[in-house]
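Shown next, in structure tokens, is the structure this report addresses.
The values are calculated or read from the model by the stated rules, or taken from the named source; none is laboratory data. Computed from a prediction, not measured in an experiment: that's the story for all the values here. Heads up, the Cβs are rebuilt from the backbone with ideal geometry, glycines too, and the neighbour counts pull from every protein chain shown. The accessibility values were calculated without ligands, DNA or RNA, using every heavy atom of the protein model including side chains. Shrake-Rupley method; radii C 1.70, N 1.55, O 1.52, S 1.80 Å.
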Amino acid sequence: MKRSRILAIFALTQVLALAACDTLAGSAGGASGRWPFPSLGHEKPIIIGHRGASGALPEHTIESYLRALNDGADCIEPDLVLSKDGVLIVRHDTYLSSTTNIAAKPEFSKRKRRSTDPEYAGRDDWWVSDFTAAELKTLRAVQSFPGRTKVFDGLYQIPTFDEVLSLATSRKTVADKPVCVYPEAKSPAYFASVGQPDMAEKILATLDKHGLAAKGSPIFIQSFEPDFVQKISTMTELPVVMLVADKAGLDTAMAKPGAPFWDGLGPSLGMLIDADGKSTGVVEAAHARGILVHPWTFRNDAPPVKGEPVEAAIRRYLALGLDGFFTDFPITGYKVRNEIQYGVE
Ligand code: G3P
Ligand code: CA
């Protein structure tokens, strides 16, 4: 990674890391303002609202992103897919049945079909790429995570990436800082294979429209596809994040010529701590190369270790030196981070 790029990312992380309670002082990291754990530069880790505040409200809705910001998130995370007419739509999946009310819309009943995406071979569903952005706007989001409240089902629209960026640039974090947006390109190779517009170009053009494409803008671009991460890293000076679900995924990305071509690593939580509760070395290895580590996903209702309160788990993982983390419940991440920063036991 280029030194100028590292410096720009440090500047960005400093802006984001100073996002909470900076006027308080007096304990733990508070007296010196220095984060006590070995994050890069000992910067305070950022809180990334995973699909917004998806623990509280249906994921990937404007309302969920607003809730995340109100609950202390520094960043909001839109997962991106493409509509039939090439609009970047915010959904985790390329299909629609689990997070929208499409099954209850009779006008769309005949458009359910078998997947052409090998990742979902055999699946019968409604596919985002079969619907225009205008059609998708007639749907309403629903809570898909088992056990979470469904009282908000049917109330909120599916946003476009453009709308999420409008929201982000019209708000501040709870600490009056710029809102960071952390978009993930979902299935970029599949969309390219079916003749859709290039996702990297679309994402960067949309960021540019909102004045968020320049170096130092509060943006991280992420993907599980190494080819996409490598390609977009050559198109922008914004930080790019390589998502990996397991060691095999990391090995595959690292095997590519030019690796590591990412500025941040987004590993699953399980990759960071072994069965004995010790660090696997993934955080330390990334930091040795100046690479940020932002793992996913802390959930109050599905903590990494069954029976351990999620607050304790977040604290344990933060002690590794995380530079940020994804959580469905930003309010919990905010609370734990502040307790560490200001010494509350
Ligand atoms: O992008 C980080 C994390 O969200 C990756 O998992 O499946 O929730 O997008 P997923
Ligand atoms: Ca994601």
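Note on the chain: GNM, Cα springs under 10 Å; of Pro146, Pro267, Pro78, the largest mean-square fluctuation is that of Pro146.
Shown for the range 255-345: the carbon plus sulfur share of the solvent-accessible area, taken with all protein chains present and a 1.4 angstrom probe, equals 57%. For the chain, the relative contact order is 22 percent, taking Cα pairs closer than 8 Å that sit 6 or more residues apart in sequence and dividing their mean separation by the residue count. Taking amide H positions as modeled 1.01 Å from N, with prolines and chain starts lacking one, the residues under 5 Å from Ile89 and 5 or more places away or on another chain are Val81, Leu82, Ser83, Phe161.
Looking at the chain, the DSSP beta bridges with both ends there are about 30 percent antiparallel. Taking the range 181-214 and a reference point 7 angstrom along Cα→Cβ of Arg111, the backbone N atoms nearer than 20 Å belong to 191-192, 194-197. Here the range 70-102 is scanned for amide nitrogen atoms under 20 Å from the site 7 Å beyond the Cα of Asp176 along Cα-to-Cβ, giving 70-75. Compactness of the chain, taken as the C-alpha radius of gyration over 2.2 N^0.38 Å, stands at 0.96. Reported to the nearest whole Å, the Cα centre-to-centre distance from the range 221-255 to the range 111-185 is 22. Stretching Lys215 away from Asn70 to a fully extended chain increases their span by 49.5 nm, per 0.36 nm per residue minus the current alpha-carbon distance. Note that the chain presents 40 Å² accessible area per residue, ligands and nucleic acids not counted, probe 1.4 Å.
GNM on the chain, alpha-carbon springs under 10 angstrom: the most fluctuating residue among Arg148, Arg91, Arg299 is Arg148. Couplings 3J(HN,Hα) for the range 108-115, derived from phi with the Karplus relation 6.51 cos²θ - 1.76 cosθ + 1.60 (θ = phi - 60°), are 10, 4, 7, 9, 6, 8, 6, 4 Hz, where x marks Gly and Pro.
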